[in-house]
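To keep things clear, I will list the structure first and then write my remarks on it.
Derivation of every value follows stated rules applied to the coordinates shown; laboratory data play no part. Small disclaimer: the values here were computed from a predicted structure and weren't measured. Heads up, the Cβs are rebuilt from the backbone with ideal geometry, glycines too, and the neighbour counts pull from every protein chain shown.
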Amino acid sequence: MQNIKIVAAGDSSLLIEFGSEINEEINRKITTIVQLMKDQQIEGVVDMIPAFCSLLINYDPRIISFEKMQKRMQALVKMDLKGGVQRRRVFEIPVCYGGQYGPDMETITAHSGLTEKEVIEIHSSRDYLIYMLGFLPGFCYLGGLDERIHTPRLANPRVKISAGSVGIGGSQTGIYPMDSPGGWQLMGMTPVRTYDPGRKKPILVEAGDYIRFIPIEEEEYLRIRELVERDEYQCIIHEGEM
Amino acid sequence: MGIRILKGGMLTTVQDLGRTGYQSQGFGVSGVMDVRSFRIANLLLDNPENEAVLEFTLIGPTLEFTATSIIAITGGDFQPTINGEPAPMYTAIYMKKGDILKFGSARTGTRGYVAFSGYLGIPVVMGSRCTNLKSRLGGFKGRKLEAGDYINFRIKRPYLPFFLSRTLDLDEFDQEEALLRVVMGPQEDHFSRQGIKTFLNSEYVVTSDFDRMGCRLDGPFIAPKETSDIISDGIAFGSIQVPSHGKPIILLADRQTTGGYAKIATVASVDIPKLVQRKTDHRIRFQAISVAEAQKLYMDEVKELDRMRKKIHQPCKEVLECRLAAKRLTRLFTT
């Protein structure tokens, strides 16, 4: 990780590029730096956009110049190289797979040549790192979908996909945080609201967290949905060190 | 007591400097397109620098005041009238209960602003009152204003000191071309030397694909070295991305947080208003400057605004000229 570049993106933003590949190590480093930035509360920093392998920082040039900001970042990036304890948070997302909840399950099984049971098992058997959020509020770019269930997107995208839909788009998997048009193959639905504008914390997760899909039956889906609607559902989170 | 919307115009929204701090979760910033006009409108009324205003586009709204308030109109010339009489711009205006403020279509520029001394009664959502149309969040019910909508004022503030001094020179919006100064990068190395030369030496025109999200330009092909696709990264206000079709797209207030096209340059903050006030077929050129120069321009504008603030806080010479003063005072006393 020697070739970290810190460059200007106009007069009010600065981009830290950590190379140009998608891998967990680089992404975790970005998460650590974001955490350090939050801890240090550098004056003038307005916003941060962590992405797969870069971090964009918006700052107020009235308070801090590019030169000073660049120096601060160089120091911070070096400091991080010495390492530190990293927290790991895994969010359990219950999913009711197939049937009316996953109208494209047949496409996925047909494309993979696997049974529905196998697809569900594969999809729910690993923790997915949230590389970044973007596209929509709370939309997570997850890494690490098993190649066996990669499925091309719909040739003709849907005009409306309901919030909570879980799908596969090529080599990616994810959850639609709100009603939106989209072209992913839908395999199930979660009753959990990953985005709720009325909640104190509208977005549940952050880049650097992990998501674990837990298969549930329709009965359980309806039970949790009712709890969610009454604002009584507590998402299960496993916390620990890396 | 506040304003009733009689006509919404084409696209009238509540905006401030934007919803910052949530981009890491996928929330776009939104906020005003023309930050300079926004700042001047609030400055004329001694409003807090981030107080919410109405921003309108191409065709302005018609508003009925149900309480007294002082307002300031800035940005493009939407031919404003109060009860049918032409209303001054870049000037504090006293509005009485029952007054009708009507905006027409944009004679110059494309975006106009009106600020209120009574502060718009819009709830703060995640630190901002601005409207995020895509997420249907903030502002007035997360949408543009329509006939029948009603917005309260948060406070009564019918008097301002140095009222007669509160007038400034009008900014010009009638140009049909703009020279945008840009800071190169962050991905200019994705483009060939020829591509960068083309970008900096050609004339581009504003297409009709121009909204709060971004502005597509048409003009000579900007060649990438291989491909202009990158691994998605964060986007700044004024980022100029060039997809493989070779035509620049400048990302504006309602930009998405991240994108997967190389960004050849970023427009200097002080020049973004020049772009957002242009119309279809207007001509755009680019000139590269250093970050230090762009930040100096930024600070120069801060100083210019400070001078404006000082100017409107001095006793008005016009007070000595009875007729002029009387004309402006009339509105205060007639009912």
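Whole-Hz Karplus values for the stretch A:233-241 come out as 8, 10, 5, 7, 10, 9, 10, x, 8 Hz, taken residue by residue from phi with 6.51 cos²θ - 1.76 cosθ + 1.60 and θ = phi - 60°; glycine and proline positions read x.
Using the crude model of +1 on Lys and Arg Cβ and -1 on Asp and Glu Cβ, and no other charge, please compute the dipole size for the stretch B:177-289 relative to its Cα centre, in debye to 20. Could the numbers behind the result be given before it?
On the way: 14 positive and 13 negative charges, 57 e Å.
Around 280 debye, computed over the stretch B:177-289.
Relative to the longest principal axis of the Cα atoms of chain B, helix B:291-311 runs at roughly 0 degrees.
Pairwise alpha-carbon distances in the stretch B:177-289 exceed 22 Å for 21% of all pairs. DSSP assigns beta bridges within the stretch B:177-289; of those with both partners inside it, close to 75 percent run antiparallel. Peptide B:258-265 shows a mean partner chain C-beta count of 3 within 10 Å per residue C-beta. Across the stretch A:152-242, C-alpha contacts under 8 Å between residues 6 or more apart give a mean separation that, scaled by the residue count, equals a relative contact order of 22 percent. Under 5 Å between amide hydrogens, built in the peptide plane, is the criterion, and for B:Ala288 it picks out B:Val182 among residues at least 5 positions away or on other chains. Cβ-Cβ distance of A:Glu239 and B:Lys317, R₀ of 51 Å, FRET efficiency by 1/(1 + (r/R0)^6): the value works out to about 0.15.
From most to least packed by mean Cβ count within 10 Å, the peptides B:29-39, A:110-120, A:124-134, B:87-97 give B:29-39, A:124-134, B:87-97, A:110-120.
Take each residue in B:294-301, count the other chain C-beta atoms within 10 Å of its C-beta, and the mean is 4. In this structure the amide hydrogen of A:Gly19, modeled in the peptide plane, comes within under 5 Å of the amide hydrogens of A:Lys5, none closer than 5 places in sequence on its chain.
In percent, rounded to a whole number, the relative contact order of chain B is 19, using alpha-carbon pairs under 8 Å and six or more apart. Magnitude of the charge dipole for the stretch A:84-190, about its Cα centre and with charges confined to Cβ atoms of Lys, Arg (+1) and Asp, Glu (-1), is about 360 debye.
Estimated from helical segments only, the mean residue ellipticity of the protein assembly as shown at 222 nm is -6500 deg cm²/dmol, where each DSSP H run of four or more residues counts as -39500 (n - 2.57). Note on B:225-235: average number of Cβ atoms from other chains within 10 Å of each residue's Cβ is 6. The separation of the stretch B:246-288 from the stretch A:153-230, counted between C-alpha centres, amounts to 34 Å.
Whole-Hz Karplus values for the stretch B:238-245 come out as x, 4, 10, 9, 10, x, 5, 6 Hz, taken residue by residue from phi with 6.51 cos²θ - 1.76 cosθ + 1.60 and θ = phi - 60°; glycine and proline positions read x. Each label point was placed 7 Å from the Cα along the Cα-to-Cβ direction; for B:Glu177 and B:Lys156 their separation is 5.5 nm. Coupling constants for the stretch B:156-163 follow from the phi torsions by the Karplus curve (6.51 cos²θ - 1.76 cosθ + 1.60, θ = phi - 60°), and in residue order they are 9, 8, x, 10, 9, x, 6, 3 Hz; glycine and proline get x. Computed over the stretch A:87-241, relative contact order equals 36 percent, with contacts defined as Cα pairs under 8 Å that lie 6+ residues apart. Our analysis of chain A gives Rg over Rh at 1.01, with the two radii drawn from alpha carbon positions and Rh computed by the Kirkwood formula.
Basic side chains Lys and Arg get +1 at the Cβ, acidic Asp and Glu get -1 at the Cβ, and with that the dipole of the stretch B:14-165 about its Cα centre reaches some 340 debye. Under a 5 Å amide H cut-off, with hydrogens placed 1.01 Å from N, B:Gly214 pairs with B:Leu252 among residues at least 5 apart or on other chains. Taking 0.36 nm per residue of separation and subtracting the Cα-Cα distance, full extension of the segment from A:Ala110 to A:Lys68 would add 9.5 nm.
Using a simple spin-label model with pseudo-atoms 7 Å out from Cα toward Cβ, A:Arg148 and A:Glu92 lie 2.4 nm apart. In the protein assembly as shown, a dipole from Cβ-located charges (positive for Lys and Arg, negative for Asp and Glu) runs towards its positive end, and of B:Val114, B:Ser290, A:Phe213 it is B:Val114 whose Cα lies farthest in that direction. Measure nothing fancy, just the Cα-based angle from helix B:322-333's long axis to the longest principal axis of chain B, in degrees from 0 to 90, nearest 10. Relative to chain B, helix B:322-333 is tipped by roughly 90 degrees.
Just name one of A:Gly174, A:Pro103, B:Leu145: the one whose Cα is farthest towards the positive end of the charge dipole of the protein assembly as shown (beta-carbon charges, Lys/Arg +1, Asp/Glu -1). After comparing all options, I get B:Leu145.
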